[in-house]
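All remarks here apply to the structure that follows.
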Amino acid sequence: MKTLLFIASIAVLFTACTKDDSYDNCKDNDKVSISALMAGLAPNSRTTDDGTNANWVTNDSIGLFCTQSNPVANNLKYTYSGSSWSTVTPIFWKDYTTLHQFYAYAPYAGGNTLTAVKIPVLNTQTGTINPTHNVLYSNNQRAGINRPANNGSVPLTFKHVLALIQLNIKIDGTVPANTTLTSVTINGQAGEGLTTSATGATFSLSDSTYTANGATNNLITVQPSSAPTLSTSTATTLNILVFPIATTTPTLTINCTFPNSTTGSASISLGSNLTFTRSTKYIYTVTLSRNAIVITNVTINPWLPGGSSTINPIL
C-alpha cells in the first residue's frame, strides 16, 4: 500500500504585500491560496475513511498557521468547496526573502493552537472511522520556505496524528452460520494509555508531541452501529484509531451472538512489546473458531505500513 499522504499546495503570485500596505490595497494576486491533493491514500478520505482510499470532500476544512505572513495566520480556516479552497481572511507573503514556516492540521476546530491541536476522545468507536476523529497534521515546512517564483506553490504534506488497527474478521466451519458480531474490545495494560476517556488530549504541530491533559484509558470498545453477520468467505472489517504508544500485551476480545441467541466471546493477545506508531496501520486477519484462536500474517501498511498478523480466537 502506498504511504498515506495528503498534499496541500499554497499557490501565490509574484508581488509581496508588506506590513505597510493596507490589506484593502493588496492585489488579489498577492493572496495565499491553497489547493489540496491526496496521493495514493489509505484510508478513504479524511472524511470518508474505510481503510483503503482517500478524497477531500465538500466542506472539509483545515487550520493553517504562519507567523511570518501578512497578516499572521493563527488557526486560519480554509474550507473546500468541492473544487477549490477558500478563506474569509486572505493572507499575503511578507516579502521575497523571509523564510515562511507553514503548519496545518485537519479537521479544523476553533481554539486549536500551534502547540495544542485537540485530539478527540476515542474510548468508544464503531469500527468505521469518524472523520472528525481522524486528525491530520502537516509540519513539513517547519524549516521555512521563501516565496516561490513563477507562481510556484508551497507543498504541505499531511499525515495521520493517530495509529490505526484494522481487524479483518471471519469465522471457520465450526462456528454456526448467521453468527453476528456484537462488539470488540482492545485492552492495554494499566497506565499505557491506548486512548483517553477525557477531553483535553492535544498534539503539537511544532514538535510532533502528545500531551494527555487528562485521564488516559487502556480500554477501547468497538460496537458497530448494526451487528454484522460473520462469514467464512468475506471478512468483516473494523478500523480502530489508537494513540501511538508502546504497549506490552494488548488483549483483543471479540463478542458474538449465535443464531439461537446465545452469546460467546474469545480473547487473544495481539502480541507482546508492541509499538503503535503515528500514521501507521496495523492489519490483523482474525479467524473465529470453536476450536482455536488464530491471528495470522500481521501486516503493517501505509497509512504508513505497520504490520499484520492472523489470529484464530476460540469461541
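Compute log10 of I(q)/I(0) for the range 90-228 with the Debye formula, placing one identical point scatterer on every Cα and leaving out solvent, at q = 0.18 Å⁻¹, to two decimals. One equal scatterer on each Cα of the range 90-228 leads to -1.06. Between S269 and L252, the built amide H atoms are under 5 Å apart, and every one of these is 5 or more places off in sequence or on another chain.
Once the chain from N74 to D207 is taken as fully extended at 0.36 nm per residue, the excess over their C-alpha distance is 46.2 nm. Sorting 157-170, 270-283 by average packing, meaning the other beta carbons within 10 Å per residue, from highest down gives 157-170, 270-283. For the range 104-171, the Kirkwood radius over C-alpha pairs fed into Stokes-Einstein at 10 °C and 1.306 mPa s yields D = 107 µm² per second. Taking label points 7 Å from Cα along the Cα-to-Cβ direction, T249 and N291 give a separation of 2.6 nm. For the range 203-276, just say rounded, prolate or oblate: build the C-alpha gyration tensor, square-root its eigenvalues into a ≥ b ≥ c, call rounded for a/c under 1.5, and beyond that prolate if a/b exceeds b/c, oblate if not. Note, shape of the range 203-276 comes out prolate. In this simple spin-label model, placing a label point 7 Å from the Cα along the Cα-to-Cβ direction at both T237 and S84 gives a separation of 3.5 nm.
A simple spin-label model places the labels of N178 and S267 3.1 nm from each other, with each point 7 Å out along Cα-to-Cβ.
None of the figures in this text is laboratory data; all of them are computed from the coordinates on show. Fair warning: this is a prediction, and the values are worked out from it, not measured in the lab. All Cβ positions, even for glycine, are placed from backbone atoms using ideal geometry, and neighbour counts span all protein chains on display.
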